[in-house]
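Take a look at the structure below.
The values are calculated or read from the model by the stated rules, or taken from the named source; none is laboratory data. Bear in mind the structure is a predicted one, so any value in this text is a computation, not a measurement. With ideal geometry, Cβ positions are generated from the backbone for all residues, glycine too; neighbour counts draw on all protein chains shown. Accessible surface areas use protein heavy atoms only, side chains included; no ligands, DNA or RNA. Shrake-Rupley method; radii C 1.70, N 1.55, O 1.52, S 1.80 Å.
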Amino acid sequence: MDEAFDYPLMAQALIMGQREKVHELTQQALAAGIEPKTIIFKGLIPGMDVVGEKFRRNEYYVPQVLLSARAMYAGLDILKPLLTQTGVTQYLGTVVIGTAQGDLHDIGKNLVAMMMEGAGFKVHNLGRDVAPEKFVEAAKEKDAQIVGISALMTTTMPAMPRTIQALEAAGLREKVKVMVGGAPVNQAFCDEIRADGYARDSTAAVEKAKALMVKA
Ligand code: B1M
């Protein structure tokens, strides 16, 4: 059933920014019984990887990338309710998550948020371009155990240690675990800024969040 679905066609539609086509193909994939995560990792993300490469090579500019991002959301919006449905009565923990200050990329962060929610965490998604004070405020208000920060640009990575410093200044650092991720982030950077956990993708992010809860 999985083999019969044309993932390259879906990726191509995303690369071309064809929102309706991605919407339609996502529905077709679901109707064929394919798991939402499989649709994302085999169809949507490979398409976005090509967009990123074209952008890097100056073959695509911001308008084309925006069209592809909208096409990605045409798929993700259908999949979100399926990814986040849990039926849990007791949450594994509370997470506040957002994109680092100055960073408007939110697709990966939203994916991480959806998968964490689906895994049984209570997730408060603060959106993008989130200032350190906002993370602090939300962590306090929501009584979070985990603060998740996503950064997609080297220029916004420094907002991560600034957020950790803000948590320290607010006296929350002992209370919350800080998780970082996003394409330019790695384990070495996580260690350097003394964050508690790094994950390279949304599946690993769920595992890392569970592990951090055990350590909490
Ligand atoms: Co921009 N952009 N962008 N962009 N964009 C990148 C990031 C870039 C690498 C492209 C390139 O040059 N090849 C480059 C950054 C270069 C750098 O810093 N090294 C770049 C640039 C330069 C820019 C602008 C400055 C362009 C301009 O205006 N001249 C501008 C900046 C705006 C701003 O933020 N202030 C800009 C704008 C945009 C759009 C608005 C057009 C759009 C974003 C739309 C949106 O998000 N709503 C966009 C996009 C789509 C991209 C690329 C092509 C794709 C990003 C994406 O969504 N990937 C990107 C190229 C790339 O990354 N290769 C690029 C798919 C997503 C599923 O993956 O986000 O990596 P990702 O998330 C993964 C993992 O990283 C991980 O799990 C996710 C799922 O597996 N993960 C976490 C993410 N967060 C995590 C948090 C965790 C754990 C894991 O714990 C908390």
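Data overview
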{"quantity": "Cross-link partners of K122 among aspartates and glutamates (Cα-Cα below 12 Å; sequence separation of 8 or more within a chain)", "calculated": "D143"}
{"quantity": "Placed amide H near Y198: partners under 5 Å, 5+ positions off or other chain", "calculated": "V180"}
{"quantity": "V123 long-range amide H proximity, modeled H, under 5 Å", "calculated": "V95"}
{"quantity": "Per-residue [θ]222 nm for the chain (sum of -39500 (n - 2.57) over DSSP H runs n ≥ 4, rounded to 500)", "calculated": "-16500 deg cm²/dmol"}
{"quantity": "Residues with amide H under 5 Å from that of K177, placed H, sequence gap 5 or more", "calculated": "I146, V147"}
{"quantity": "Charged-residue dipole, Cβ positions (Lys, Arg, Asp, Glu), the chain about Cα centre, Debye nearest 20", "calculated": "340"}
{"quantity": "Residue-by-residue Karplus 3J(HN,Hα) for region 8-17, coefficients 6.51, -1.76, 1.60, Hz, glycine and proline x", "calculated": "x, 5, 5, 4, 5, 4, 5, 4, 7, x"}
{"quantity": "For the chain, alpha-carbon Rg over 2.2 N^0.38 Å", "calculated": "1.03"}
{"quantity": "Rounded tilt (10° steps) of 19-31 against the dominant C-alpha axis of the chain", "calculated": "90"}
{"quantity": "For region 39-136, convex hull of alpha carbons as volume per residue, Å³", "calculated": "96"}
{"quantity": "From phi via Karplus (6.51, -1.76, 1.60), per-residue ³J(HN,Hα) for region 47-54 in Hz, x at Gly/Pro", "calculated": "x, 5, 4, 5, 4, x, 5, 5"}
{"quantity": "Percentage, to the nearest whole number, of Cα pairs in region 137-216 over 17 Å apart", "calculated": "41"}
{"quantity": "Relative contact order, percent, the chain [alpha-carbon distance under 8 Å, six or more residues apart]", "calculated": "16"}
{"quantity": "Evaluated at q = 0.12, 0.13, 0.16, 0.23 Å⁻¹: base-10 log I(q)/I(0), Debye formula over Cα of region 79-204", "calculated": "-0.38, -0.45, -0.69, -1.42"}
{"quantity": "Subset of K54/K134; K140/K210; K80/K142; K21/K177; K21/K109 violating a 32 Å alpha-carbon distance limit", "calculated": "K54/K134; K21/K177"}
{"quantity": "Mean projection area, nm², convex hull over Cα of region 17-61", "calculated": "3.2"}
{"quantity": "Per-residue ³J(HN,Hα) for region 165-174, Karplus 6.51 cos²θ - 1.76 cosθ + 1.60, θ = phi - 60°, Hz, x for Gly and Pro", "calculated": "4, 5, 5, 4, 4, 8, x, 9, 4, 6"}
{"quantity": "Sequence of K140, K80, K208 from largest to smallest accessible area, 1.4 Å probe", "calculated": "K140, K80, K208"}
{"quantity": "Accessible surface of the chain [probe 1.4 Å, protein heavy atoms]: carbon and sulfur percent", "calculated": "52"}
